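The values are calculated or read from the model by the stated rules, or taken from the named source; none is laboratory data. These numbers come from a predicted model, not from an experiment. Neighbour counts are summed over all protein chains in view; Cβ atoms, including those assigned to glycine, are modelled from backbone coordinates with ideal geometry. With ligands, DNA and RNA removed, areas are computed over all heavy atoms of the protein, side chains included. Shrake-Rupley method; radii C 1.70, N 1.55, O 1.52, S 1.80 Å.
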Amino acid sequence: MSDPWSDLLKLLGDNLQRKVGEKESVETKSLLGEGRYLGLYFSAHWCPPCVAFTPKLAEFYKDFKITEMGKNFEIIFVSSDKDQASFDEYYATMPWLALPYPDRDTKAKLSKKFKVQGIPTFVILDACTGKVITKDGRLRVSEDPVGAFFPWHPPPLSEILQGKLLRRNEDTTEEVDISTLAGKPVGLYFSAHWCPPCRKFTPVLAKAYQKIKEDNKDFEIIFASSDRLEDSFNDYFKTMPWLALPYEDPRKTTLSQMYGITGIPTLIIVENLQTGKIITKEGREAVGSDPEGKEFPWMSKPLNLLDQQHAGTLNRETSVILFTDGSDKGLEDAKQALQQIADESYAKATEKGDDPEMYFFYAGEDDLVDSLRDFANLDDREPQLVVLDIPDQKIYVCPEEEITQEVAKAFIDQYLAGSLQAAPLRG
């Protein structure tokens with residue numbers, strides 16, 4: 001039986017770098033185990049916000065390490081510096097450990113694993129399970145510089161949203177208590193009047209919302225506005241049949257940080273406010289593909305037919321795709337080849353409370369699939385199995401002409417082991 005932290009050890013590598021003049025390295029496994037925590041500090045010398053934050057983090061680290069909780073905490077610097085000399089100069093200002101600079105592959109895997117989109121980013125992990133506690137460590141250190149609430153577990157969504165919400169009632173606005181949403185699936189709708197795609201999507205969402213309510217399904221939406229003027233917020237909210245946070249409500253900023261909102265419109269569906277469990281981050285695409293809400297609440301599945309609903313996932317995540325001729329037999333064969341592998345991957349991620357390592361699709365014949373083949377510079381061979389990594393602009397193509405479950409598993413295992421040769425994407 002493997003240790004619960006074995007996946008984390010595999011991710012970080014066997015050894016980490018100490019300061020120059022100290023013992024040359026430290027074994028990563030000595031930092032792992034129950035009751036321990038790790039901070040991954042993604043930063044670089046060329047980044048002004050990083051240089052400004054590093055002294056604050058160093059002060060926190062030195063003071064916190066002498067506390068009882070701090071004895072079970074360590075920080076690892078994951079560098080985005082452009083060369084070894086810059087890394088050495090910057091790391092000399094830090095009192096913690098570092099991923100050795102030459103290990104660029106591990107650095108890339110960590111950035112991808114934790115979806116680092118900008119620096120500085122400070123991620124706090126449970127050093128036993130590898131589960132992310134918060135990706136907002138930078139903000140937490142600024143708000144709690146003595147670590148009184150470390151390791152900064154995020155509060156329940158019901159607590160974050162505690163307070164009054166607004167609902168339009170003809171020409172008036174009434175206050176609604178958050179308690180009325182108890183037990184219901186909730187959509188968090190990040191949008192703004194100044195955003196043309198938002199204004200185009202809002203009436204589509206309103207029709208879907210009303211149809212779902214007509215079908216006697218529990219559901220509510222909360223509008224989290226990015227409007228720049230209160231009049232714009234009021235005019236936009238008049239077009240919506242659901243609830244809203246008041247204009248410039250600080251809960252909106254908290255939600256945006258919590259869910260990593262980088263663009264609008266974005267619709268996130270959660271199971272309910274008590275659990276806060278995300279059903280889908282692709283609510284906009286789900287509504288577009290199912291405007292009558294027949295598949296509501298659009299639960300994530302281990303294996304999905306590739307359609308427009310999943311375009312956002314392809315752009316953000318590593319995906320396994322089995323292209324077919326689109327016939328009933330072709331689609332069924334694809335499901336036979338991938339279903340068990342997808343189920344096992346999904347179950348493993350669910351058990352750890354993590355996002356899947358990769359997403360699984362089978363593809364028939366439609367415009368999205370044709371565009372994707374062209375973008376990835378694929379021929380028309382069917383069936384064809386690929387691992388598509390748009391964020392890293394890479395694709396891995398299985399050479400086998402017959403795709404069975406055994407072939408698919410071997411191919412995916414080779415990818416995970418890093419033994420496949422990638423081809424660049426034409427796009």
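The shape of the chain comes out oblate: with a ≥ b ≥ c from the C-alpha gyration tensor, a/c is at least 1.5 while a/b does not beat b/c.
For the range 24-100 and the range 273-350, write down the distance between their C-alpha centroids in whole Å. Their Cα centres are 37 Å away from one another. Accessible area of SER25 (1.4 Å probe, protein heavy atoms only, ligands and nucleic acids ignored): about 40 Å². With a 1.4 Å probe rolled over the protein heavy atoms of all chains, the accessible area of ASP379, ASP355 falls in the order ASP379, ASP355, largest first. Given their separation in residues at 0.36 nm each and the Cα-Cα distance between them, GLN274 and LYS200 gain 23.5 nm when the chain is fully extended. Here the chain has 49 percent of its accessible surface on carbon and sulfur atoms, given a 1.4 Å probe and all protein chains in place.
Cα gyration tensor of the range 300-427, axes a ≥ b ≥ c as square roots of the eigenvalues: rounded (a/c below 1.5), prolate (a/b > b/c) or oblate? Rounded, since a/c falls under 1.5. Under 5 Å from the amide H of GLY130 lies no amide H of any residue 5 or more positions distant or on a separate chain, with H modelled from the backbone and absent for Pro and chain starts.
Here ASP392 and ILE160 are evaluated by their C-beta separation; at R0 = 30 Å the FRET efficiency comes out at 0.35.
Pull the list of the chain cysteines that no other Cys approaches to under 4.7 Å, Cβ to Cβ. Cysteines lacking a close Cβ partner in the chain: CYS128, CYS398.
Probing with 1.4 Å while keeping every protein chain in the model, the per residue accessible area of the range 165-273 equals 47 Å².
Rounded, prolate or oblate for the range 376-427? Axes are the square roots of the Cα gyration tensor eigenvalues, ordered a ≥ b ≥ c, and the cut-off for rounded is a/c under 1.5. Judged from the Cα gyration tensor, the range 376-427 comes out oblate (a/c at least 1.5, b/c at or above a/b).
For HIS45, the accessible area of its heavy atoms, probed at 1.4 Å with every protein chain present, is near 70 square angstrom. Using a simple spin-label model with pseudo-atoms 7 Å out from Cα toward Cβ, ARG228 and ASP370 lie 4.0 nm apart. Over all projection directions, the Cα-based convex hull of the range 57-134 averages an area of 5.6 nm².
Legend: residues HIS310, HIS193, sorted from most to least accessible area (1.4 Å probe; ligands, DNA and RNA excluded), read HIS193, HIS310. With R₀ fixed at 35 Å, the C-beta to C-beta distance from ARG316 to ALA58 puts the FRET efficiency at about 0.60. So which of LYS164/LYS207; LYS113/LYS352; LYS213/LYS281; LYS211/LYS238; LYS252/LYS277; LYS281/LYS301 end up more than 23 Å apart by C-alpha? Checking Cα-Cα distances, LYS164/LYS207 exceed 23 Å. Of the DSSP beta bridges with both residues in the chain, give the percent that are antiparallel, rounding to the nearest 5. Antiparallel bridges: around 60 percent, rounded to the nearest 5. Hydrodynamic analysis of the range 217-348 uses the Kirkwood radius over alpha carbon pairs. Inserted into Stokes-Einstein at 25 °C and 0.890 mPa s, it gives a translational diffusion coefficient of 142 µm²/s.
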